[in-house]
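The values are calculated or read from the model by the stated rules, or taken from the named source; none is laboratory data. Computed from a predicted structure; not experimentally measured. When we count neighbours, we look across all protein chains shown, and the Cβ atoms used for this are built from the backbone with ideal geometry, even at glycine.
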Amino acid sequence: MRRILVAILISVLTLLAAQNYRLYLQDGGYHTVREHKVEGDRVRYYSVERGEWEEIPMSLVDLKKTDQELAARTESFTEERKLMAEEAAAEREIRRIVASIPEEPGMYKLDPAGKPVALKNADSALVTDKKRQALKMLSPLPIVAGKSTLEISGDSASLIYSERRPEFYLRLSKAQQFSLVQLTPKKGARIVEVIQVIPVSKERFEERKELEIFRQQLDEGLFKIWPQADLAAGEYAWIEFTEGEVNPIIWDFKIQ
């Protein structure tokens, strides 16, 4: 609401300022006026500086330059009003969307009618690399790192989009990190990330194909999120996670 009031105030001030313009003279000078009109061989004008009507011989006035600047100012003012109207419409749409998103935490996408639809969480499982596990058992020293993969079952997501930069709305349940990742195909599954565990120190490293995203905070805990670049055909997922903990919430989708 505050931004709308500011936009209205700016619009009014701009309108008032636009009413003043320069009446150019042949000698290079000018008078700042509110209005002017040609009457025979005289030009009458309302002086902003003195607040009264005055007149001057038309031979001293550069009417061509004055009219050109007035036309340019009118065009510029019309464009500014158009942009402000578009911004106000965008603000109203954002407020509508914010009001329509449910309070329940989750990922949402607007349907063709502009109504939010909740995405279902994808089931995931942590799968241990059996070959790497066997090497660890054979090695007399703890030098072989453990390796697991966080996977989603199924070859493809049920949600399919043709948009190259689909927009989503995420309502967080608490202060969490979130990211867009490209999934790696695997027979009967898709890999979200690879987890490496270092022997002795037990340090955990998570490797995932994160993509650059735009994020716009619309409200407390509510974000509009979308990819910075067009997505190629393939499998993707939004993940909400806590760094260092393998417990992400996952919403998968496919770009066709």
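In the range 68-124, of all residues being more than 30 Å from S173 (Cα to Cα) and of a type in the set (S, T, N, Q), the one that is surrounded by the fewest Cβ atoms within 10 Å (Cβ to Cβ) corresponds to T78.
Check every one of the strands (runs of 3 or more DSSP E) wholly within the range 112-176 and list those with 3 or more residues that are out of contact with any Phe, Trp or Tyr (no Cβ under 9 Å at 6 or more places or on another chain), farther than 30 Å from K187 by Cβ and at pLDDT below 90. I'd like the intermediate steps shown before the answer.
Working: elements: 116-118, 124-128, 146-153, 168-171.
Result: empty, no element qualifies.
Assuming L222 fulfils every condition listed in (1) in contact with a helix residue (DSSP H, G or I) (Cβ under 7 Å, 6 or more places away or on another chain); (2) modelled with pLDDT under 85 apart from one, which condition is it? The single condition L222 does not satisfy is (2). Scanning the range 207-228 for any residue that is in contact with a strand residue (DSSP E or B) (Cβ under 9 Å, 6 or more places away or on another chain), touching a residue at least 24 places away in the same chain (Cβ under 8 Å) and over 16 Å from F178 (Cβ atoms) turns up nothing. Against the list (1) within 30 Å of E151 (Cβ to Cβ); (2) not assigned by TED's automatic domain parsing to the domain that holds L183, the condition D111 fails is (2). The single condition from (1) surrounded by fewer than 18 Cβ atoms within 10 Å (Cβ to Cβ); (2) not in a strand (DSSP E or B) that L231 fails is (1). Confirm whether G28 is farther than 30 Å from I225 by Cβ, modelled with pLDDT of 90 or more and either in a strand (DSSP E or B) or not acidic (D, E) (or both). Yes.
Report whether or not S201 is part of a strand (DSSP E or B) and modelled with pLDDT under 95. Before you say what the answer is, go through the steps one by one.
Working: part of a strand (DSSP E or B): no; modelled with pLDDT under 95: yes.
Considered against the rule, which asks whether it is part of a strand (DSSP E or B) and modelled with pLDDT under 95, S201 comes out as no.
Within the range 234-253, the set of residues being surrounded by fewer than 19 Cβ atoms within 10 Å (Cβ to Cβ) and within 16 Å of L159 (Cα to Cα) comprises G234 only. Restricting attention to the range 148-193, the residues that are farther than 29 Å from D219 by Cβ, surrounded by fewer than 17 Cβ atoms within 10 Å (Cβ to Cβ) and of a type in the set (K, R) total 2.
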